[in-house]
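The values are calculated or read from the model by the stated rules, or taken from the named source; none is laboratory data. Quick caveat, the model's predicted, so the values are computed rather than measured. Heads up, the Cβs are rebuilt from the backbone with ideal geometry, glycines too, and the neighbour counts pull from every protein chain shown. Each accessible area value is taken on the protein alone, full model and side chains, heavy atoms only, with ligands, DNA and RNA left out. Shrake-Rupley method; radii C 1.70, N 1.55, O 1.52, S 1.80 Å.
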Amino acid sequence: MRLKRAKTKRLLLSSDLDVGFSLVALAPFFAAALAPLLFRFTQGYTGWLLAIIPASIFIYLLSFVEAMADKQLISAGFDWIPAYGLRFSFFIDGLSLTFALLISGIGTFIILYSGAYLKGHPHQGRFLAFMMMFMGSMLGLVLADGLITLFVFWELTAITSFLLIGFDHVRQASRRAAIQALVITGGGGLFLLAGLLLLHQMTDLWELSSIFEYGPAIREQAIYPVLLGLILIGAFTKSAQFPFHFWLPNAMEAPTPVSAYLHSATMVKAGVYLLARFSPILGGTVEWSVVLTVVGSVTLLWGATTALRQSDLKQMLAQTTVASLGLLVVLIGIGTEKAILAAVLYLVGHAFYKGAFFMIAGGIDHATGTRDITALGGLWRTMPVTFVAAVVAAAGMAGLPLTVAFFAKEEMYAILTFKGTWGGLFLANLSLVIVMVLGNAMMMAVGLAILFKAFFGEIKPTPLKPHEGSFSLWAGALVLGVFSVWAGTQLGYFSQNILEPAASSIYNFEVESKLYYAFKMLTTTPFIISALTWVLGVFIYLNIDAIRTWLREFARDLGWSFDAGFDWLMFGLIGFSDRITRLWHHGRLELYLVVVFVAFAAALLIPMWGTFALPAMSDVKTMTFYEWAVFVIAMIGLVAVVVAKTRLMAIVSLGIQGFAVAMFFILFGAPDLGFTQFMVETLTVVILALVMTRLHLDQRDSRMPLDLLRDGGLALVSGVGVTLLMITILQTPLDLRLSELFAQTSVPLAHGSNIVNVILVDYRGLDTLGEIAVVMTTGVAILALIRIRGGGPQTGVGAKKPQRGKSRAKKKTAASRQAKTSRRASAAKASA
Amino acid sequence: MDSDLISFASLAPAYPELFLAIGAVVLLMAGVFIKNASARLVGVAIGMLLAVTVLVIIQPATGVLFNGGFIQDDFARYMKALVLAGSAFALVLSVSNAVDNGIAKFEYAVLVVLATLGMMVMVSANDLMVLYIGIELQALSLYILAAMKRESARATEAGLKYFVLGALSSGMLLYGASLIYGFTGQTQLDKIAEVILLSDRSVGVIFGLAFLLAGLAFKVSAVPFHMWTPDVYEGAPTPVTAFFATAPKVAAMALLIRLVMDSFEPLAKDWQQIIIFLSIASMVLAAFAGIGQKNLIRMIAYSAIGHMGFALVGLSAGNLVGIEGVAIYMAIYLTMNIGLFACILSLKSNNGYVRNISDLAGLAQTRPYVAAIIAIMMFSLIGLPPLAGFFAKWHVFLAAIEAQLFVLAVIGVLASAISAFYYLRVVKTMYFDAPEQEFVPIPGELAFVMGITGFLVISYYLTVGRTLVDFANVAAGSLF
């Protein structure tokens, strides 16, 4: 079992730190709110002013470096919703600090760069506001301690990314890319939320810093794979891992500062951060290692080969970013000391050189008006500073000595010699190393291609005349490039203050890096593999045109991409909605009724199936011949309704069935009810017939055989349902209180010995009066109908147009009849 | 049975209903004998409804009347205030466009008042028979209102569909009621519960319950009894749709709550299953089906179906928090819909009133105020904090979680996320598409309604939120 946390002290802090920490995440938001206003007054200098904020955050964070070097863990925050034990809390350890320093440090230059890049753009204020908001979200994310705090900032990065990608919202491509990014990262966020809530459910804790201690216990739970899956989906969508990788290249529709900042240096690393953060809690299991290494490897190779296919500068960089993210995931998945060190080194190195490269690409685009690598050449003459920055960045991308990335490669290739947790899995390690070598070589080739194709060779005509950009445009790239080399040379300081604390946070053990330069390195296995990578990289670069052509043909032959798959899914969703609408809301009343009756039948039959046993049919045997006869008459009536050729036939046949029911009432001792039923039936038939004279009585209502089958089947099922219900109900003992009351009180109270008569004229006297009134009103209505018979409306609705409502009227009466009959039936039962 | 009505004062709990009933008859007479009085009658009806609203709010008379058939409690008062306010505002919305929509007839005001009376009886029903009378009074008025624009084939079709399906649902309801009576021997809601509690769980009562709920599901337009909603909403004149979408929903929901909480409390396990099914089906279907809509009113119809599903989430919890949640939900839902319809009715161009979502293109430029209110309503309908719609959903989902209905809550949140798709599309159309048509100036009273509802929705948390929660708490408390 692992230790809970090596040499970690939890500091109790003063409230100053609470405020300080919260400000780190919140100050950019305040700045964002002010940015558009500020822009009105300061115009072109807004970028310079706003850059003060990330710069101050960077300096403030530097003050924690020493504490982190002691492997401390500092937490701070406020109570948020005390009722639920929620705190708006932050904590900082080596990992958080590394990320936060990268975010604020690179952020400073990006804000400067944005000011210059969008010079003269009318919505620059809005853009800077979005950028600051994003910065705040990202800082909040890496500093978050509370699970909910983490999630809130996580989704905020997705939303700000959406706003930034869609910044140029007039263009269809931007809007699509923005929506795609939001759907995928936001959707992944929901999985993450589910995972975080599950984690809370398991531990009953809200704070990450306390949950670390439960790592081993969590990994033993049976539900661990589910938790792992949810968190991984969240991380993979954010960090553009296969098969969610396609949104990242599309996100390059955003202005270049966004691509440099969000989609290479910071936001896409959020998924990697999450994996690193949860590594002590979820890591180290077979599931973890296998899923991460496999997914990461596929992403690495996929991204690297796709990068070779591109000729657009930003697309090349975007695809190599996908590949780099895959590499980071592989390293975290391997999870050994060396691998974690490699991951941190690579993370830092990549942020430096890729951020620089994007800014260079933006600078070139700004200066020449094109980003197509085949249309560029000889820029070193006209853009000397940018050229220097590009050389340094390409060195970083290739992992040449003196850069951070060099050590990252050294450490990652060292897994070949490692025989720890993975035991004898030499083959697995070997294949991983091969994957890494291939990936790194291809990425190096892309870096070389950008450097050599764009800056060397002959000058090609470009839309704009190439010129060196302003200070803000190249400063960032140059500084990042220089940092890359600085960190690679100041090994002692860098390892002790950044590398080891961060690696220890992920690894959960004290990690010691032994980085050095020496001649003996030249003979170690990792160095030999590195050298091999360089050779392979140069080889690929030399053949890049042939490879590009070949890959493009291959992609064309494939004819399908994940991007197209996303469209298919989204249009599928809309199509699905349309189909649902058509299925449910065609506007045809007839089919609406079908739905209602299906629900009706289901409500009748399903509970009977599940809860109650089917009733016994014992009474059928005791039926007399005349009961059978009436039953058969009723059946004939029903069949006649269904097969009737004309409407008049159908109406009359419906009457037959009604009369048969009245006969039943008489047979079972309710003559009053029987006579009422006769009267109602007669009236129904007469009214229906009269109404129908206005709707063409002789018309034939032909049904399609399939419709006939559907309607008939439905009627049968509903009928069987009601019958079964009736039989079931009849088997429960009858409540005889009312009948007994009538029997006892009929003579003494009402002075009548015929109970039926007494009920009609005395007990229910008012009811009888009401019924008579109804019958009389109906009679009057019939009279009115007879008088207007044959006329029909001359204008407006229904005038001499073929009516569509033929079956409606029939069903309507069936429905009201059903209601009536049931009322009668219950009344009959009561008075029986 | 002895009468419980000793004096006129003992009728106090039913004063609002009596006032409205007499008022409706007076309006009818006035309409018959005074020529061209429809506009004035609408004004009188609005005044009457508002007066009764005030009466319901300030008059604390509660009690049971008419041999237990009628109950006035805090719950009824809360819901009645919503119903009355909803009806009054729906009438206000029709003032400027009655002639265009073919409802400038004196019967319009009378029918709205009668329907409102029916709804109040529904809210106060304490007996299956009173319940049915209330439902039918309301429904018959609504059928006529739907088909009021007689020269329009769409409106006639809407009226007919509404009537046929409504009659069917009434039939089911009656069938259920008779089964309940047959098996419990009681029609009074609280006495039914007593009988059920004492006897075994009988098949007749279960089926009766199922049929009653099916009938009521139709009234709240819960899936699978929702088919009429989009067609009727679209076909009926828009101010009538505004009325349909607000007050009757509140009344039906109140009735549903009272029925299941009062009469079928002992059968909670059974009705909860049905309500949960209705809730999930409504939320999910509305979320998906709404996406494909091009007609604005149809989209609102699906939105209504979905929101009824969300409200039912609170009811399925079946606890105090849940009922409180539904009460809050209905109030907020009512406000949002009135505001939304005020916006829609204010948008008249030379081609007539807006029908399709695409008609709203570029509204942010031509009518920024209306566009802003619509956008607020859309965001609130999605449930984005800090707008009122968020708190509505918050309360019901909280109740579901408290009742351990996690799956229901998760499905609800997902459905809510999917439904954002179609709400946001309206916002996108208004703000990012190029304007296509000019609109005539907004009538003053509609601008006022928009302003007031918009203000309430935005400032809910700061202004009315706490008061509403208190009221809802008292209201829900009277059922337990």
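Residues in region A:152-176 that are among the small types (Gly, Ala, Ser) and in contact with a Pro (Cβ under 9 Å, 6 or more places away or on another chain): none.
Does A:ILE498 fit the bill of being within 36 Å of the chain's Cα centre (by Cα), more than 14 Å from chain B (Cβ to nearest Cβ) and at pLDDT below 80?
When the stated conditions are applied, A:ILE498 passes them.
Has region A:388-410 got at least one residue that is open to solvent by less than 40 Å² (accessible area, probe 1.4 Å), of a type in the set (D, E, K, R) and under 18 Å from A:TYR353 (Cβ atoms)? Within region A:388-410 (the criterion being open to solvent by less than 40 Å² (accessible area, probe 1.4 Å), of a type in the set (D, E, K, R) and under 18 Å from A:TYR353 (Cβ atoms)), the answer is yes, since at least one residue qualifies. Exactly one residue out of B:LEU165, B:LEU160, B:LEU179 is within 14 Å of chain A (Cβ to nearest Cβ), within 20 Å of the chain's Cα centre (by Cα) and over 28 Å from B:ILE58 (Cα atoms), and it is B:LEU165.
The residues listed here are B:PHE432, B:PHE421, B:PHE406, B:PHE448; of these, the one that is open to solvent by 60 Å² or more (accessible area, probe 1.4 Å) and modelled with pLDDT of 90 or more is B:PHE448. Looking only at region A:122-148, which residues are in a helix (DSSP H, G or I), touching a helix residue (DSSP H, G or I) at 6+ places or on another chain (Cβ under 7 Å) and over 17 Å from A:ILE111 (Cα atoms)? Within region A:122-148, A:GLY140, A:LEU141, A:VAL142, A:LEU143, A:LEU147 meet the criteria.
For the subset of region A:200-237 comprising residues that are among the aromatic types (Phe, Trp, Tyr), open to solvent by 10 Å² or more (accessible area, probe 1.4 Å) and assigned to a helix (DSSP H, G or I), which member is nearest to the other protein chains (Cβ to nearest Cβ)? The residue in question is A:PHE236. Candidates B:LYS294, B:LYS269: the one that is within 14 Å of another protein chain (Cβ to nearest Cβ) and free of Cβ contacts under 8 Å to residues at least 24 places away in the same chain is B:LYS269.
When region A:560-581 is limited to residues that are facing chain B (nearest Cβ under 7 Å) and over 16 Å from the mean Cα position of the chain (by Cα), the one that is nearest to A:GLN241 (Cα to Cα) turns out to be A:PHE576.
Here A:PRO243 meets the list (1) under 24 Å from A:GLY537 (Cα atoms); (2) open to solvent by 10 Å² or more (accessible area, probe 1.4 Å) almost entirely, failing just condition (1). Taking the listed residues A:LEU730, A:LEU734, A:LEU738, the one that is open to solvent by less than 80 Å² (accessible area, probe 1.4 Å) and within 12 Å of chain B (Cβ to nearest Cβ) is A:LEU738, with no other qualifying. The condition of being buried (at least 21 other Cβ atoms within 10 Å of the Cβ) and over 21 Å from the mean Cα position of the chain (by Cα) does not hold for B:GLN138.
One residue alone among B:PHE288, B:PHE225 is within 14 Å of chain A (Cβ to nearest Cβ) and not in a helix (DSSP H, G or I), and that residue is B:PHE225. Here A:LEU50 meets the list (1) buried (at least 21 other Cβ atoms within 10 Å of the Cβ); (2) within 24 Å of A:SER495 (Cβ to Cβ) almost entirely, failing just condition (2). If you go through region B:182-199 and keep only what is facing another protein chain (nearest Cβ under 10 Å) and not hydroxyl-bearing (Ser, Thr, Tyr), you end up with B:GLY182, B:PHE183, B:GLY185. Going through (1) at pLDDT below 75; (2) more than 38 Å from the chain's Cα centre (by Cα); (3) closer than 30 Å to A:ALA251 by Cβ one by one, A:ALA546 falls short only on (1). Determine if region A:326-341 includes at least one residue that is more than 22 Å from A:PHE246 (Cα to Cα), in a loop (DSSP other than H, G, I, E, B) and not small (Gly, Ala, Ser). Yes, region A:326-341 contains a residue that is more than 22 Å from A:PHE246 (Cα to Cα), in a loop (DSSP other than H, G, I, E, B) and not small (Gly, Ala, Ser). Within region B:230-240, the only residue that satisfies the criterion of being facing chain A (nearest Cβ under 9 Å) and open to solvent by less than 10 Å² (accessible area, probe 1.4 Å) is B:PRO230. Within region A:161-199, how many residues are within 24 Å of A:PRO257 (Cβ to Cβ), away from chain B (no Cβ under 11 Å) and open to solvent by less than 40 Å² (accessible area, probe 1.4 Å)? Qualifying residue count for the region: 11.
So is B:PHE225 open to solvent by 10 Å² or more (accessible area, probe 1.4 Å), touching a residue at least 12 places away in the same chain (Cβ under 8 Å) and within 17 Å of the chain's Cα centre (by Cα) or not?
Here the answer is yes, as B:PHE225 does meet what is asked.
Do you know which residues across region A:580-602 are aromatic (Phe, Trp, Tyr), without any contact (Cβ under 8 Å) to a residue 24 or more places away in the chain and open to solvent by 20 Å² or more (accessible area, probe 1.4 Å)?
A:TRP584
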